[in-house]
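The values are calculated or read from the model by the stated rules, or taken from the named source; none is laboratory data. Not measured: the values here are computed from a predicted model. Cβ sites come from the backbone with ideal geometry, for glycine too, and all protein chains shown count toward neighbours.
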Amino acid sequence: MEKEAIGTEFEQMLNARGVTRRSFMKLCGTLVAAAGLSQLTVPQVAQALEESVIGAKEGNLYPVIWIEGASCTGCTEAFAQSTEPDPATVVLEMISLNYSETLSAAAGYSMEEAKEQTIEAGNYLLVYEGAVLEGWGGNALRVAGKPGTEHLIEAAGKANAVVALGSCAVNGGWMGAHPNSAGAVGVQKYLQEAGISTPVVNIPGCPANPEWLVAVLVDVVMMSKLPDLNEDNKPSQIFNETIHDNCERRGHFENGEFVYQFGSEEEAKNYCLYAVGCRGPQTKANCGIVRYNDQRSWCVESGAPCIGCCEAAPMDPGHNWVEVNTPFFKRHRDLRIGDWVVQPEAICFGLTGIVAAAFVIHGFCWKASKRMKGNVRIEPKRAWDAKHPDQSIGDYSQPKTIVHEDGTKETMSAEDFEKKLQADYEKRHEALTGKKGGNE
């Protein structure tokens, strides 16, 4: 019996769903862009799709379990409304979504039974959305009568790979921000501490771009391999360049043209948003290339500064994008000292004020001690040297050379030099005391 559909049957399947060949190839191009590959690879991706389980005569769909942790389901909503709905429907046919608390029609016992059967059979992909809550022994989140952490351990243990979808799943996200009373952490950190070695692919974002997930599915399901990952286990072709590198407003940054206030003339001219808090220079993602909403726009193009939602350190819940980047419309993040939150500018202004006050107090002290307006006497010999002649630093016995204003030089003995200093001081002091206020 045939296992795969031939090219003609595949095209008939596309036509039956109202999908043209052009639309299908456009989808392949989208996948290539999302994965950060060259457009020259579009034909290979299309061939891989055609020769994969799509259109197969027998059920070869790749099982997927999609578990919701502590999440708002925003990544699920974004994926469900991904680019080009009709081709996306075809792409979804390469997986068998056996369990999804948001997308599945079933609920309750039958849902949990389907998940258990999938885990028992093995050879599946786990997509985990949302933070892992360790608080109260994992009971900060309970599902089907069990701690949420148990569901993750059971599903991740036999999975071929785990996709941590969204910044909450990568390192806690919103849930991991201060005070993090529920003990939110990322999937990779939790599984590593639990001794589970299943590979984890981190896809940050709030929400994660659905085309990033589709690109990973193409790699895992049809290419039978994980994408190339960087040191944070993020797909390197997607998350190795900063948003600033590919930003359409980069030229304004180079020219020093910035928006300092929303509603200003500079904003109308689409100047760089760095001064109003854009985190593009420090956030790595290809948002400006893949974009959102059918590739119509993205955050910066719509006029909003990047808030760094893809910035997530998987092994450090405290270094989540909310903690690092708030307040979003200020150039610097908040500094937290216990429960005290302060902006760096406030610290700088405070230190400047303290230094200025110290100078003012120092000036009043000088005035009170009558050490101003010529009343400061130059010591012919340092006080330390006078008290410790055996440890003297200065040499007071050698002749001294004085250079006058007209450039002439005069050499005199150390004793005469000391007498001259004393005479000059007394002369200057007498001249000043003769003036009004000179004794102050």
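Residues that are in contact (Cβ under 8 Å) with a residue 40 or more places away in the chain and acidic (Asp, Glu) were ranked within region 104-149; the one that is nearest to Val216 (Cα to Cα) is Glu129. Exactly one residue among Val322, Val300 is assigned by TED's automatic domain parsing to the domain that holds Leu191 and under 18 Å from Pro179 (Cα atoms), and that residue is Val322. Within region 185-214, the residues that satisfy the criterion of being under 26 Å from the mean Cα position of the chain (by Cα) and of a type in the set (Val, Ile, Thr) are Val185, Val187, Thr198, Val200, Val201, Ile203, Val214. Among the residues of region 198-213, count how many are touching a residue at least 60 places away in the same chain (Cβ under 8 Å) and touching a Cys at 6+ places or on another chain (Cβ under 9 Å). Number satisfying all stated conditions: 8. Just give me the residues in region 247-279 being surrounded by 11 or more Cβ atoms within 10 Å (Cβ to Cβ) and among the acidic types (Asp, Glu), in sequence order. Residues satisfying the conditions are Glu248, Glu257, Glu266, Glu267.
Filter region 215-247 for residues that are over 21 Å from the mean Cα position of the chain (by Cα) and among the β-branched types (Val, Ile, Thr) and give the result. Hits for region 215-247 are Val216, Val218, Val220, Val221. Among residues of region 306-318 being surrounded by fewer than 23 Cβ atoms within 10 Å (Cβ to Cβ) and over 11 Å from Val170 (Cα atoms), the one that is nearest to the chain's Cα centre (by Cα) is Ile307.
With respect to the conditions (1) modelled with pLDDT under 95; (2) out of contact with any Lys or Arg (no Cβ under 6 Å at 6 or more places or on another chain), Met315 lacks only one, and its number is (2).
Given Glu150, Glu93, Glu116, Glu129, which one is modelled with pLDDT of 90 or more and over 31 Å from the mean Cα position of the chain (by Cα)?
When all the criteria are applied, what remains is Glu116.
Determine whether region 141-150 contains at least one residue that is surrounded by 16 or more Cβ atoms within 10 Å (Cβ to Cβ) and assigned to a loop (DSSP other than H, G, I, E, B). Yes.
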